[in-house]
1. Just to be sure before I move on: is GLY124 without any contact (Cβ under 8 Å) to a residue 12 or more places away in the chain, outside any loop (DSSP other than H, G, I, E, B) and out of contact with any Asp or Glu (no Cβ under 6 Å at 6 or more places or on another chain) in the structure I sent?
2. Would you say LEU97 is within 18 Å of the chain's Cα centre (by Cα) and within 14 Å of the ligand (Cβ to nearest atom)?
3. In segment 104-124, is there at least one residue being open to solvent by less than 60 Å² (accessible area, probe 1.4 Å) and within 12 Å of the ligand (Cβ to nearest atom)?
4. GLU127 - would you say it is over 26 Å from ILE198 (Cβ atoms), surrounded by fewer than 16 Cβ atoms within 10 Å (Cβ to Cβ) and of a type in the set (Asp, Glu)?
5. So, in segment 34-84, exactly how many residues are outside any loop (DSSP other than H, G, I, E, B), within 8 Å of the ligand (Cβ to nearest atom) and open to solvent by less than 50 Å² (accessible area, probe 1.4 Å)?
6. Can you confirm whether TRP101 is in contact (Cβ under 8 Å) with a residue 24 or more places away in the chain and in contact with a strand residue (DSSP E or B) (Cβ under 7 Å, 6 or more places away or on another chain)?
7. Identify all residues within segment 177-207 that are in a loop (DSSP other than H, G, I, E, B) and in contact with an Asp or Glu (Cβ under 9 Å, 6 or more places away or on another chain); write none if there are none.
8. I need the full set of residues from segment 156-197 which are hydrophobic (A, V, I, L, M, F, W, C) and either on the phi > 0 side of the Ramachandran plot or touching a Lys or Arg at 6+ places or on another chain (Cβ under 6 Å) (or both), in order please.
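The values are calculated or read from the model by the stated rules, or taken from the named source; none is laboratory data. What you see is a predicted model, and the numbers here were worked out from it, not measured in a lab. Note that each Cβ is placed from the backbone with ideal geometry, even for glycine, and that neighbours are counted across all protein chains shown. With ligands, DNA and RNA removed, areas are computed over all heavy atoms of the protein, side chains included. Shrake-Rupley method; radii C 1.70, N 1.55, O 1.52, S 1.80 Å.
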Amino acid sequence: MQKDLGNYRKTYEKNALSEDSISDNPMELFQKWFYEVETTEGVDEPNAMTISTKGLDGYPKNRIVLLKKYTEEGFIFYTNYESEKGRAIAKDPKICLSFFWPNMERQVIVKGKAEKLAPNLSDGYFESRPEGSKLGAIVSHQSNVIPSRETLEQKLEQLEKIYRGKEIPRPDYWGGFLVRPVSIEFWQGRPNRLHDRIRYQLQENYDWKMERLAP
Ligand SMILES: Cc1cc2nc3c(=O)[nH]c(=O)nc-3n(C[C@H](O)[C@H](O)[C@H](O)COP(=O)(O)O)c2cc1C
């Protein structure tokens, strides 16, 4: 079986990224880009990002999670701390996040260190979730092998009965990670494959060094 995809070709020409029009602070540029992406047609889940961890088996692994907040400090997502990614981060907190926003022909790549969010902040987010999502987090021992889909549904049914009319507590194995960036790279597609790439790297004095990279 084979399929030649060589004819998939696209010219990128929607935007440009130039040093004189951007902030010294990459989080400000991230905020500007995110706003432009979410307010431009053609994006479904602008906060979906790929996170890459180095697994306990030595292989890198990527998967999508949802960015739930970004601040001056970094990027926050929620997951099961005992999942494959949770265990990988516990062993090696250096991870990579990336966003691909085709509607603006943009990519952002973040390298940083992940740390568990303070429990009260995870509690606050957990409380804001719909009941079904709360119970789902309790039911699913994420990344474990399970015998069937039915076991999940039975467990959900049991929990729905147990917690009817009651507050659903956040399980301590579920919560947020804050990823503190050390490097953020912005890629803007341009014509003739001469794309713009600007990388910010965190210096020892906590200033950001900005450099242009060859496409
Ligand atoms: C659009 C999308 C959003 C997702 N959001 C999350 C999320 O916010 N948190 C999460 O733990 N998993 C999320 N997932 C599922 C993960 O991709 C992954 O399957 C799961 O976290 C288990 O990964 P692991 O076994 O490598 O730990 C999402 C998947 C997709 C496709």
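1. When the stated conditions are applied, GLY124 passes them.
2. yes
3. No, there is no match, as no residue in segment 104-124 is open to solvent by less than 60 Å² (accessible area, probe 1.4 Å) and within 12 Å of the ligand (Cβ to nearest atom).
4. yes
5. The qualifying residues number 8.
6. Taking the combined requirement at face value, the residue does not satisfy it.
7. Across segment 177-207, the qualifying residues are GLY189, ARG190, HIS195, ASP207.
8. Result: ILE168, VAL182, TRP187.
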